[in-house]
Amino acid sequence: MEKTVNIIGAGLAGCEAAYQLSKRNIKVNLYEKKTIKRNEVQSLNTFAELVCSNTLRSTDLRNAVGCLKEEMRMFDSLIIKAAEYAQIPAGGSLAVDREKFSHYITDLIKNDKNITVIEKDVDFINPDSPTIIASGPLTSENLQKQIISLIGQEYFYFYDAVAPIVTKSSIDTTKTFRKNRYEKGDTEDYINCPMNKEQYSLFYNELINAKTAEAHLDKEKELKVFEGCMPVEIMAKRGFDTLTYGPLKPAGLRNLDGTNNFAVVQLRQDNASDELYNMVGFQTNLTWSEQKRVFRLIPGMEQADFVRYGVMHLNKFINSPSLLNSYNQVKLQPNIFFAGQITGVEGYVESTSSGIISAINMARYLSNEPMLKFPTNTVMGGLQNYIISTSSKNFQPMKANWSIVDNIELNKKVKKDEKKFLYSQAALKSMENFIKLL
Ligand SMILES: Cc1cc2nc3c(=O)[nH]c(=O)nc-3n(C[C@H](O)[C@H](O)[C@H](O)COP(=O)(O)OP(=O)(O)OC[C@H]3O[C@@H](n4cnc5c(N)ncnc54)[C@H](O)[C@@H]3O)c2cc1C
């Protein structure tokens, strides 16, 4: 029996998934609501709209997102093809004319004999019908309710309140110590960055005077008033001591020699391979350059390498570690797959790559072939693995970076740049072998 796949959302992930399914001769009904009702940031009627910046970021293979684009090109990615067609000069970045980019994709999708476009604000998901939900970070209200009834309220989030994440290797451990507060538990899970009063004063003054990023959406202004996700700089503005009674409290965190601290910043392990640490309680709305400048004043973090900065965004996403398997399929609803930013990947390129994973596996699922886990030493596979295997408790979206990829072991010492180049070469080789399997 011929099966048709419903895809909800003709954004980056949805268009890519539709194209990949069509290439595999599978019929698609692609649902999009923007011609009926646009969201706050949409201004075009065409598909795959880049709502903010017009860049798909670095093309440098030493950068994980550069390698990711190269991996996607190996799957004949529609979005990458469109970006190359609509490219405008931007140094080492793949920047595009957003209208040309969106028109190219829309024309191709609308003229594809396997794809039927349906203009509709979808408000019903049939669990018996193969469906990819790719409705993005601003999924409409009606669909939200359906998703919640499918997966449960506790697994659906409305905003990102992300604290910065740094690499463990960039922390100066001569200035930090490992300990859990009040030495609870058998292991020493946290890296603690202690401060004396002078260090704290300097940090505090820079923090309260640092520049903040502007909100994209009216609703984002409201996010900042929730106590549970209050930005660290707003909390600090309540008074000099507020942070030392809050996320920077020194209680239960004496130095290893027994002396007291004035304040302590805690870093908590963020991924299973123990390479990433997030700054506890540091959700923030500072601009990225200010985060780098101010947070590097924290002892031990002078050279911190930020794999992601803190953000406060309206961003609807699901708890993928609890809900999805390696194929982006809902564990308890095998006909339903998710794709794109709603799975907890973040960024244009990352969202598109997630559409490729969902489409390839949906095609295999429909033809009763075993679904395939993408190799975790590729950026696509590493990112996918992160969103399904990281802690479900503190799950927050993630961009492409080398720390979430199972990089090859290098048996000689090489410079940082060369190391990243070798990682990308290994990732591309591994993807080439994987594609042969397909
Ligand atoms: C304000 C804002 C700014 C951003 N800026 C950037 C940036 O500069 N760089 C970057 O890399 N990333 C940025 N992002 C993240 C960006 O949205 C994603 O990276 C990317 O667009 C997500 O792709 P997607 O396909 O998952 O979702 P989208 O591209 O958002 O596509 C989802 C589609 O689903 C449709 N849809 C939603 N609900 C329904 C429904 N019920 N029925 C039918 N259709 C529906 C929407 O209209 C939309 O077309 C930003 C996000 C937001 C919210």
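The values are calculated or read from the model by the stated rules, or taken from the named source; none is laboratory data. From a predicted model like this one, the values you see are computed outputs, not experimental measurements. As a convention, Cβ positions derive from the backbone with ideal geometry for all residues, glycine included, and neighbour counts pool all protein chains shown.
Answer yes or no: is there a residue in the range 89-103 that is among the hydroxyl-bearing types (Ser, Thr, Tyr) and away from the ligand (no atom under 13 Å from the Cβ).
no
Suppose the filter is in a helix (DSSP H, G or I), of a type in the set (Lys, Arg) and surrounded by 17 or more Cβ atoms within 10 Å (Cβ to Cβ); does Lys69 pass it?
Details: in a helix (DSSP H, G or I): yes; of a type in the set (Lys, Arg): yes; surrounded by 17 or more Cβ atoms within 10 Å (Cβ to Cβ): yes.
Here the answer is yes, as Lys69 does meet what is asked.
Given the conditions (1) within 16 Å of the ligand (Cβ to nearest atom); (2) part of a loop (DSSP other than H, G, I, E, B), and given that Met312 satisfies all but one, which numbered condition is not satisfied?
(2)
Just for the range 122-139: of the residues that are surrounded by 15 or more Cβ atoms within 10 Å (Cβ to Cβ) and not hydrophobic (A, V, I, L, M, F, W, C), which one is farthest from the ligand (Cβ to nearest atom)?
Per the criteria, the residue is Pro130.
What's the total number of residues in the range 1-33 that are buried (at least 20 other Cβ atoms within 10 Å of the Cβ) and under 18 Å from Val122 (Cα atoms)?
Residues meeting the conditions: 17.
Taking into account only those residues within the range 87-112 that are without any contact (Cβ under 8 Å) to a residue 12 or more places away in the chain and within 19 Å of Gly14 (Cα to Cα), which is farthest from the chain's Cα centre (by Cα)?
Asn111
Being touching a helix residue (DSSP H, G or I) at 6+ places or on another chain (Cβ under 9 Å) and more than 8 Å from the ligand (Cβ to nearest atom) is the filter; apply it to the range 1-15 and report the residue that is nearest to Lys100 (Cα to Cα).
Ile7
What single numbered condition from (1) in contact with a Leu (Cβ under 7 Å, 6 or more places away or on another chain); (2) within 12 Å of the ligand (Cβ to nearest atom); (3) within 16 Å of Tyr348 (Cα to Cα); (4) not hydroxyl-bearing (Ser, Thr, Tyr) fails to hold for Val117?
(3)
Could you please give the count of residues in the range 236-256 that are in contact with a strand residue (DSSP E or B) (Cβ under 8 Å, 6 or more places away or on another chain) and touching a residue at least 60 places away in the same chain (Cβ under 8 Å)?
Of the residues in that region, 3 qualify.
I'd like to check something: does the range 89-109 contain any residue that is polar (S, T, N, Q) and modelled with pLDDT under 95?
yes
Could you grab me the full set of residues in the range 300-316 that are buried (at least 21 other Cβ atoms within 10 Å of the Cβ), modelled with pLDDT of 95 or more and not aliphatic (A, V, I, L, M)?
Listed by number, the list holds a single entry, Gly300.
Which residues, counting only those in the range 317-326, are surrounded by 24 or more Cβ atoms within 10 Å (Cβ to Cβ) and part of a strand (DSSP E or B)?
Result: Phe317, Ile318.
Quick check, is Phe75 within 11 Å of the ligand (Cβ to nearest atom), part of a loop (DSSP other than H, G, I, E, B), at pLDDT 95 or above and assigned by TED's automatic domain parsing to the domain that holds Thr343?
Against the criterion (within 11 Å of the ligand (Cβ to nearest atom), part of a loop (DSSP other than H, G, I, E, B), at pLDDT 95 or above and assigned by TED's automatic domain parsing to the domain that holds Thr343), Phe75 does not qualify.
Could you check the range 168-206 and list, in sequence order, the residues that are touching a Lys or Arg at 6+ places or on another chain (Cβ under 9 Å) and part of a helix (DSSP H, G or I)?
Answer for the range 168-206, where residues must be touching a Lys or Arg at 6+ places or on another chain (Cβ under 9 Å) and part of a helix (DSSP H, G or I): Arg181, Glu206.
For residues that are in a helix (DSSP H, G or I) and over 18 Å from Asn29 (Cβ atoms), tally how many sit in the range 108-146.
3
Restricted to the range 1-35, and to residues that are touching a strand residue (DSSP E or B) at 6+ places or on another chain (Cβ under 6 Å) and farther than 12 Å from Ile115 by Cβ, which residue is modelled with the highest pLDDT?
Selected residue: Ile8.
Can you name the condition, by its number, that Arg38 falls short on among (1) touching a residue at least 60 places away in the same chain (Cβ under 8 Å); (2) near the ligand (Cβ under 8 Å from one of its atoms)?
(1)
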